[in-house]
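One structure coming up, written as structure tokens, with questions to follow.
Coordinate-derived values only; no laboratory data. Computed from a predicted structure; not experimentally measured. Heads up, the Cβs are rebuilt from the backbone with ideal geometry, glycines too, and the neighbour counts pull from every protein chain shown.
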């Protein structure tokens, strides 16, 4: 499933998120023991969003990161896009958040539109990572900030067997128990295990033209928050 490429992968990802939309937030909190909530707060601290600025949340899903941005900076303009209408429909309280359906590879915005671009658990699911990062670079204003939260390959070798067991057996069974869909969570864990390392993602950001690229690793080395800026 995670090995699928191109349009076949795109169709599968859409189908997967459509099937888990209603229980997506609950499963995220359950799988991460609630740490995903803290990581979204950290994303916004890094983004340093200010009143009067505009933010784009790509792959916004049910809107958790968009709502964190609104809570952090009520005077900012918050925009959310996702290619799954079902995911956005499953979200609650979109007040003062502008949202639309859009593909991360073809964002419906002009060049140099946003002060901040953020995403949570998006980049490992896109069919063309470099194209997705190039789009994020394009819609950022000169000097704008990018913050990316996603899984990364486990880094702590002594814990790798335990982490793999959790990914391959515990999470799919939690998915079956709470959503009735173990296949979807088998894909989600496979996409995490097969995704590039934090260092490789940092290199991809630099190749796309971003400057000041940095990252911090969280959750026993299984998640990373990357930050960067568009060249002034």
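Fewest Cβ neighbours within 10 Å first, please rank 15, 141 accordingly.
Lowest count first: 15, 141.
Taking neighbour Cβ counts within 10 Å as the exposure measure, how do 223, 26 sort from fewest upward?
The most exposed by this proxy come first: 26, 223.
Can you tell me the orientation of helix 198-207 relative to the chain, as the angle in degrees between its alpha-carbon axis and the longest Cα principal axis, to the nearest 10?
Roughly 30 degrees between the two axes.
Right, next: For residue 155 and residue 206, what does the FRET efficiency come to when R0 = 22 Å and r is the distance between their Cβ atoms, rounded to the nearest 0.05?
Step by step, r from the Cβ atoms, then E = 0.65.
On a 0 to 90 degree scale, rounded to 10, what angle separates helix 6-20 from the longest Cα axis of the chain?
For helix 6-20, the angle is close to 80 degrees.
Return the distance in nm (one decimal) between the two label points of a simple spin-label model at residue 194 and residue 32, each offset 7 Å from Cα along Cα→Cβ.
2.2 nm
Could you state the principal axis extents of the C-alpha atoms in region 1-139, from the largest down, to the nearest angstrom?
42, 36, 24
Moving on to the next point. Angle check, please: helix 182-194 long axis (alpha carbons) against the longest principal axis of the chain (alpha carbons), in degrees 0 to 90, nearest 10.
Once rounded, the angle reads 60 degrees.
Continuing with the same structure: Mind running the shape call on region 69-158? Use the C-alpha gyration tensor, a ≥ b ≥ c as the square roots of the eigenvalues: rounded below 1.5 for a/c, prolate if a/b tops b/c, oblate otherwise.
Verdict is rounded for region 69-158.
Still on this structure, I have one more. Expected output is a single nm value to one decimal: the length gained when fully extending between residue 216 and residue 109, i.e. 0.36 nm times separation in residues minus the C-alpha distance. What is it?
Between residue 216 and residue 109, full extension yields an extra 35.6 nm.
Please work out whether region 112-232 counts as rounded, prolate or oblate from its C-alpha gyration tensor, where a ≥ b ≥ c are the square roots of the eigenvalues and a/c under 1.5 means rounded, while otherwise a/b larger than b/c means prolate and anything else oblate?
prolate
Does anything in region 48-87 have its amide N under 11 Å from the 7 Å Cα→Cβ label point of residue 98, and if so which residues?
Flagged as within label range: 54-56, 77-80.
May I pose another question? Between residue 162 and residue 19, how many nm apart are label points set 7 Å from Cα along the C-beta direction?
Between residue 162 and residue 19, the label points sit 3.1 nm apart.
With each pseudo-label sitting 7 Å past Cα toward Cβ, what's the residue 128-residue 229 distance in nm, one decimal?
3.0 nm
Does region 6-229 come out rounded, prolate or oblate, given a ≥ b ≥ c as the square roots of the eigenvalues of its C-alpha gyration tensor, rounded meaning a/c under 1.5 and, failing that, prolate meaning a/b above b/c?
Prolate, because a/c is 1.5 or more and a/b exceeds b/c.
Could you list 93, 200, 82, 36 so that the one with the fewest beta carbons within 10 Å of its beta carbon is first and the one with the most is last?
Listing 93, 200, 82, 36 from fewest to most nearby Cβ atoms yields 93, 200, 36, 82.
Continuing with the same structure: Where is the GNM fluctuation largest for the chain (alpha-carbon springs, 10 angstrom cutoff): 81, 213, 116?
In the Gaussian network model the winner is 213.
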